[in-house]
1. Mind checking which residues of the stretch 430-449 are on the phi > 0 side of the Ramachandran plot and away from the ligand (no atom under 11 Å from the Cβ)?
2. Would a scan of the stretch 407-425 turn up a residue that is among the β-branched types (Val, Ile, Thr) and open to solvent by 30 Å² or more (accessible area, probe 1.4 Å)?
3. Output the qualifying pairs, or none if there are none: Cβ atoms under 8 angstrom, residues six or more apart or on different chains, first residue in the stretch 12-35 and closer than 22 Å to residue 114 by Cα and assigned to a helix (DSSP H, G or I), second residue open to solvent by 60 Å² or more (accessible area, probe 1.4 Å) and not aliphatic (A, V, I, L, M).
4. With the structure loaded, tell me whether residue 360 is surrounded by 16 or more Cβ atoms within 10 Å (Cβ to Cβ), within 27 Å of residue 272 (Cβ to Cβ), touching a residue at least 12 places away in the same chain (Cβ under 8 Å) and among the polar types (S, T, N, Q) or whether it fails that test.
5. Could you please let me know if residue 9 is modelled with pLDDT under 90, touching a strand residue (DSSP E or B) at 6+ places or on another chain (Cβ under 9 Å) and not in a loop (DSSP other than H, G, I, E, B)?
Amino acid sequence: MDLGRGLDVADYSTVNRVVRWFINLRWIAAGGVLAALGVAVAFTRLELPFPVLFLLSGILACVNASYWLFFHVLRREQLAQGELAAFLSVQVAGDYLLLFFLIYFTGFLENPLVFFFVFHTLLTAYLFRTGTALVFAGGLVAVFAATVGAEYAGLIPHHALFPSADPAAYVLQLPLRGAGLAGTIAISAYLMTSIKRRIAEKGRRIEIELDRYKTLDRVKSNFLLQVTHELRGPLAAINGYHEMIARGITGESTPRTLETIGKASRRTDNLLTMIDEMIDFAYMTAELRPKLEAAPLAVAELIGETLDACSALADTKRMRVQTHCPPGLELRANRDLMRIILANLLTNSLKYSPEGSTVTITAGADGGEVCLMVKDEGIGIPPEELDRIFEEFYRTRRARELERDGTGLGLSILKKAVEDLGGRIAVTSEVDKGSSFFIYLPQDGPRTGGTTP
Ligand code: ADP
């Protein structure tokens with residue numbers, strides 16, 4: 001039988017750990033047995049076959065030393081998966097054998113430590129596949145039955161642990177004790193294997209459910225992407241018509257009409273921004289989005305582009321945007337992701353700050369990282385909500401009061417973009433004083449080269 005194939009613990013590092021643990025445990029067992037024998041010889045009148053027992057504990061120590069040499073020194077803990085499984089199986093079989101002889105020569109079923117076989121059976125059933133575990137348990141029960149029978153029939157000697165015990169009474173009790181132990185071993189093996197089977201079944205069901213949720217999530221993302229794309233076209237067209245009316249291309253309009261068109265235009269602008277955020281979100285969370293290539297980018301140029309894109313909002317609120325960026329500062333990143341990051345930070349700072357206040361964008365490099373800081377004098381974020389603002393659809397109460405339109409998606413998109421670029425985010429904020437968002441990005445680009453989904 002290929003014992004290695006019977007192993008049930010799939011994870012290589014776990015088996016490696018178990019092997020190490022077994023070797024250490026065996027040192028303790030060998031030491032414990034030797035110490036117990038020493039005490040028994042020195043302080044008790046037990047009439048056990050001590051030379052055999054010392055020999056067995058010596059064998060245990062030598063066998064373990066060879067395991068240790070093979071595993072730690074010769075193979076430097078680098079056994080192939082199959083070898084490791086076979087090595088573990090040999091150890092378990094060897095342990096059964098040595099434990100059996102130790103127990104047999106110290107009173108056999110008289111010895112309370114005979115129940116160590118139950119722990120051994122439980123461990124075997126945990127580590128090995130059901131078939132292999134049952135073979136181990138069945139073999140053990142058969143060996144016990146044969147030994148009980150042989151002792152009962154007087155074919156082999158009984159090494160009494162307690163000399164005062166009545167040998168005739170022991171022989172009479174043998175079948176019952178043997179049956180009790182065999183039953184415990186068989187039930188332990190069965191219970192452990194069936195518990196394991198149930199856990200494995202539950203694991204499989206969880207995996208199926210997870211797959212189902214992933215599929216649903218993909219369907220949701222695709223649906224969101226399609227719907228938002230469909231909505232964007234007509235909305236952009238409506239905005240175009242508003243502009244035509246406002247510019248007088250469709251004919252003269254009254255001041256009231258122009259005012260109403262202005263309001264309608266602002267609302268459709270907001271709607272378009274929300275739809276763009278949803279498109280970005282659906283795109284960033286899509287599992288199979290294409291790999292985004294990284295390229296050297298001038299940070300000052302990126303900041304300038306973001307300022308241009310947000311200038312209308314800044315002008316409407318009469319806000320100042322100060323920038324501090326060392327000339328020539330560059331980083332390797334994907335341009336679209338960088339635009340998403342900067343635009344989200346600046347738009348939020350403009351949205352959640354009072355009219356006439358100042359937003360400061362500072363960029364710098366340190367220790368292979370580029371740091372971008374966007375600081376505002378706005379409403380701030382309560383400390384208990386700081387961790388939540390990066391969650392999808394989360395908006396603070398004050399933000400909802402101040403700005404009705406908002407999806408709560410911007411920062412979760414930003415977080416994904418920063419992660420894709422191999423960076424990290426930090427925020428500090430004080431209610432009614434302002435917030436500072438810090439983005440740290442590796443200057444040489446994400447470790448994998450390009451950005452991956
Ligand atoms: P949205 O702006 O659409 O609400 P975001 O994901 O961009 O969504 O932001 C999530 C929330 O984080 C906002 O609703 C707001 O409560 C908070 N927030 C983000 N940036 C700032 C900021 N600069 N100042 C105050 N609150 C902010």
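The values are calculated or read from the model by the stated rules, or taken from the named source; none is laboratory data. Remember, predicted model here, so these are calculated numbers, not experimental data. All Cβ positions, glycine included, derive from the backbone under ideal geometry; neighbour counts span all protein chains shown. Quick note on the areas: whole protein, heavy atoms, side chains included, nothing else; ligands and nucleic acids left out. Shrake-Rupley method; radii C 1.70, N 1.55, O 1.52, S 1.80 Å.
1. In the first step, residues of the stretch 430-449 are kept if they are on the phi > 0 side of the Ramachandran plot; the result is 432, 434, 445, 449.
Listed by number, the residues that qualify are 445, 449.
2. Initially, the stretch 407-425 is screened for residues among the β-branched types (Val, Ile, Thr), giving 407, 413, 418, 425.
Those left that are additionally open to solvent by 30 Å² or more (accessible area, probe 1.4 Å): 425.
Looking through the stretch 407-425, at least one residue is among the β-branched types (Val, Ile, Thr) and open to solvent by 30 Å² or more (accessible area, probe 1.4 Å).
3. 23/68; 34/54
4. Details: surrounded by 16 or more Cβ atoms within 10 Å (Cβ to Cβ): yes; within 27 Å of residue 272 (Cβ to Cβ): no; touching a residue at least 12 places away in the same chain (Cβ under 8 Å): yes; among the polar types (S, T, N, Q): yes.
Judged against the criteria, residue 360 is not a match.
5. Details: modelled with pLDDT under 90: yes; touching a strand residue (DSSP E or B) at 6+ places or on another chain (Cβ under 9 Å): yes; not in a loop (DSSP other than H, G, I, E, B): no.
Here the answer is no, as residue 9 does not meet what is asked.
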